[in-house]
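Single-structure report; data block below.
The values are calculated or read from the model by the stated rules, or taken from the named source; none is laboratory data. Just so it is clear, the structure is predicted and the values come from calculations on it, not from any experiment. Note: ideal-geometry Cβ built from the backbone for every residue, glycine included; neighbour counts use all protein chains shown. Protein only, heavy atoms only, side chains kept; ligands, DNA and RNA dropped before computing areas. Shrake-Rupley method; radii C 1.70, N 1.55, O 1.52, S 1.80 Å.
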Amino acid sequence: MNQEIEKLIDLILVDGQISEKEKNVLFRKAKELGVDEDELEVILDGRLFSINKENQKTSVKFGDIKKCPACNAIVSSFSSVCDSCGYEFRNTVANKAVFDISNKLDEIVAECELKSYKHMIGRGYGDEETARRDDIASKQKYVIKNFPVPNTRDDLMELLNYIQPKIEFGMRADKNVFDWRSKYKEIINRAKSSFHSDQNMLTELNSLQAELNNRNAFGYIVCLYSTSSASFKWTLAMLGMMAGCLTIYFILKIFNIK
């Protein structure tokens, strides 16, 4: 079986089930890679049966199975820390906001995987995948900006912990790093307003806010460019070429060079 398909199956079956959208994405990718669909169906059915059987055993011994919002690994509902990534679970209620936004973002990825972007090639895009990534980022931007800030202390802190890795600057920064940073700041401000009488909470929040504001100009510029859409980069490159040509033209005119 193709390794790319194997990885995609692992991601899809992490929660022990497969939706119709996920199945369509899987079979579309299999067709692109030349994987036999009948063989894929047999393997998929076998994996689902094995996972469901194992989950039934685990559920009897350890309680309900849940998914880590940070890395999507399957964990027991009684676990306080994810074995795969170290994510800390404070309580199941406090995780609701994280699960909600995580699921909304995943739904956008699944939806865009089913779309064709051939019409975008040549409009600042060299291939479909680049256009798809920009479309995903654009749709996720809307979710991030409009996601409601929770009211409970644990919910606020869980959401801050979830967002924190996504606000880091760098060449490999999240495509929506600036929107994540705005949401992060909004959550901090809401928390400071709601828990103004809790000195320990305020100290922790002020520390997070100081880290957020502590940024270097170079990292900001690099991140601004690296997270821009491919069409914007193409437009910028065209403008740069035009500016270069004009500069050369004026130099030739000034020095009367023919």
* Asked: How far, in nm, would the chain grow between Glu111 and Met241 when pulled straight, counting 0.36 nm per residue and subtracting the alpha carbon separation?
  -> 43.1 nm
* Under a straight-distance cross-link criterion of Cα-Cα below 15 Å, which aspartates and glutamates are reachable from Lys29, leaving out those fewer than 8 residues away in the same chain? -> Glu4, Glu6, Asp10, Glu20, Glu37, Asp38, Glu39, Glu41, Glu111, Glu113, Glu128, Glu129
* What figure in square angstrom, to the nearest 10, would you give for the accessible area of Phe99 with a 1.4 Å probe? -> 50
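Sorted by accessible area with a 1.4 angstrom probe, largest first, how do Phe250, Phe195 fall? Don't skip to the answer; put the middle values down first.
Numbers: Phe250 120, Phe195 45 Å².
Ranked list, largest accessible area first: Phe250, Phe195.
So for each of 183-193, 109-119 I average, over its residues, the number of other beta carbons within 10 Å; can you give me the resulting order with the highest mean first? Before the final figure, lay out the partial values.
On the way: 183-193: 17.2, 109-119: 13.5.
Ranking, from highest mean packing down: 183-193, 109-119.
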* Label Leu33 and Gln199 with points 7 Å out from Cα along Cα→Cβ: what is the distance between them in nm? -> 5.8
* **Rounded if a/c under 1.5, otherwise prolate or oblate - segment 100-153, Cα gyration tensor axes** => prolate
* **Sequence ranges 202-208, 130-136, ranked by mean other-Cβ count within 10 angstrom, highest first** => 130-136, 202-208
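Charges only on Cβ, +1 for Lys and Arg, -1 for Asp and Glu: so what's the dipole of segment 96-188 about the Cα centre, in debye to the nearest 20?
Numbers: 17 positive and 17 negative charges, 64 e Å.
Its charge dipole is roughly 300 debye.
Which of the three applies to segment 141-218, rounded, prolate or oblate, going by the alpha-carbon gyration tensor with a ≥ b ≥ c and a/c under 1.5 meaning rounded?
Numbers: a/c = 2.43, a/b = 1.43, b/c = 1.71.
Verdict is oblate for segment 141-218.
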